[in-house]
Structure formats: C-alpha cells, structure tokens
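The values are calculated or read from the model by the stated rules, or taken from the named source; none is laboratory data. Keep in mind the model is a prediction, meaning the values are calculated, not measured. Virtual Cβ from ideal backbone geometry, glycine too; neighbours counted across all protein chains shown. The area values use the complete protein model at the heavy-atom level, side chains included, leaving out ligands, DNA and RNA. Shrake-Rupley method; radii C 1.70, N 1.55, O 1.52, S 1.80 Å.
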Amino acid sequence: MVTSENVKVGNGNVTYFRLYSEIMEYYLKFLKEEMISYASRTLSNDVEFLSIVLESGDYVIFEGDEKKVNMPMPRGIASVHTHPGICLFSHKDIETADSLFIKGYVVIAVMNNQCVSSFVREGVYTEEDRNVLKELRDKVKKARSLNDLTSAYNDLSFPNFLRFYSLQLF
C-alpha cells in the first residue's frame, strides 16, 4: 500500500496525470509516423509486426508470422501490434494487455493502416479495472459475430484509470 510517507514530490513541470496523456500523445505520433508502413505491409500479406517502447525510450520492431506475432515481452512503456483486419483486440491480445499493465506498461494497442485501438492507463492499474478487462476478454472469446464483438466493446466502461480508445488515423 502506498502511503504519504512513500511519496516524494519531484521537480518536473508535468503533473502525474498529465504525464499519462503526454505519453499517449507522443505514442500516437509514433504510430502515425513509424508504424503505419508496417501496418500497410500487414494488410498486404497478413504478416503481423510488434513494436515495443522500452523503459529507456528506445523502441524495437519485430516481424511475426501470418496473422500472429508472439514473443516474451520485456518491461516497457508501450506496445502495438499490427492486425490485417479490424482494429479490435482478440481475447489473447486482452490477456497480453493484462500482463503488460502488471509490468507497468501505459499503452497497449492494435492497429491497421486506417485505425488504432488502445487500452491506456491514466493512473495505477487497479484490481477493479483488471476485472473489467477480464470480463471483456471473456465476452470477446465468446463472440460469434462482428456484431457480438463490437457490442462487447461498446458496452465497455472502466471504473478507475484504464481507458479504451479507438481512433481513425487518417
């Protein structure tokens, strides 16, 4: 448990909560400038790519296989992988997002060359937010149609500091 004795105030010009939104702003710029070409490649050949922004701020991009990309994930700040189809997380993607938030990631995203969907932390990753994410995973796993899938996301609401965004890139 964090108490006031454990908290130190720094000298930075950015507040705690503003820091999260700045990370997302910079990350969206990165997706539009760096990852869009990989998303286009995925659209043409179904080979997915995974990018990780490491704690140092450096990033790496890995080429996966047709319709999947899988690897052990290091500690980091943000992760995106390309999808050949819709910009929604699969149930496996949601499981990965949960484990990455536990590791301290701020943004987990999927994208194609037209859109990006992301889970974004805007504070600590709470047990209540985690439970909603697990419920979403179960609904996505059970979905049998595109309508079922979009309904699961349309009904999504996190109680604390986790948010879901789906944006058109262009």
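Name the helices (complete DSSP H segments) of the chain with a Cα length along the long axis of 20 Å or more and a Kyte-Doolittle mean of at least -1.0, or state none.
In the chain, the long hydrophobic H runs are 16-30.
With a 1.4 Å probe and every protein chain kept in, tell me what percent of the accessible surface of region 17-168 is carbon plus sulfur.
49
Do any trypsin sites (Lys or Arg not before Pro) in region 88-170 lie in a loop, going by DSSP, with at most 13 other beta-carbon atoms within 10 Å of their beta carbon, and if so which?
On the way: sites: K92, K103, R121, R130, K134, R137, K139, K141, K142, R144, R163; in loops: R144.
Answer by residue number: R144.
Compare Y27, Y16 by solvent-accessible area with a 1.4 Å probe and give them largest first, with all protein chains kept in place. Mind dumping the intermediate values first?
Values: Y27 10, Y16 115 Å².
Result, largest first: Y16, Y27.
Check cross-link reach from K139 to the aspartates and glutamates: straight Cα distance under 19 Å, and skip same-chain residues fewer than eight apart.
D93, E95, D98, E127, E128, D129, D148, D155
Per residue, how much space in cubic angstrom lies within the convex hull of the C-alpha atoms of the chain?
126
Given K103/K134; K68/K141; K67/K141; K32/K103; K32/K67; K92/K134, which pairs have Cα atoms separated by over 19 Å?
K32/K103; K32/K67
State in Å² the accessible area per residue of the chain; use a 1.4 Å probe, count heavy atoms of protein chains only, and round to the nearest integer.
Result: 59 Å² per residue.
Calculated from DSSP H runs of 4 or more alone, at -39500 (n - 2.57) each and per residue, what is the 222 nm mean residue ellipticity of the chain, nearest 500?
Result for the chain, helices only: -11500 deg cm²/dmol.
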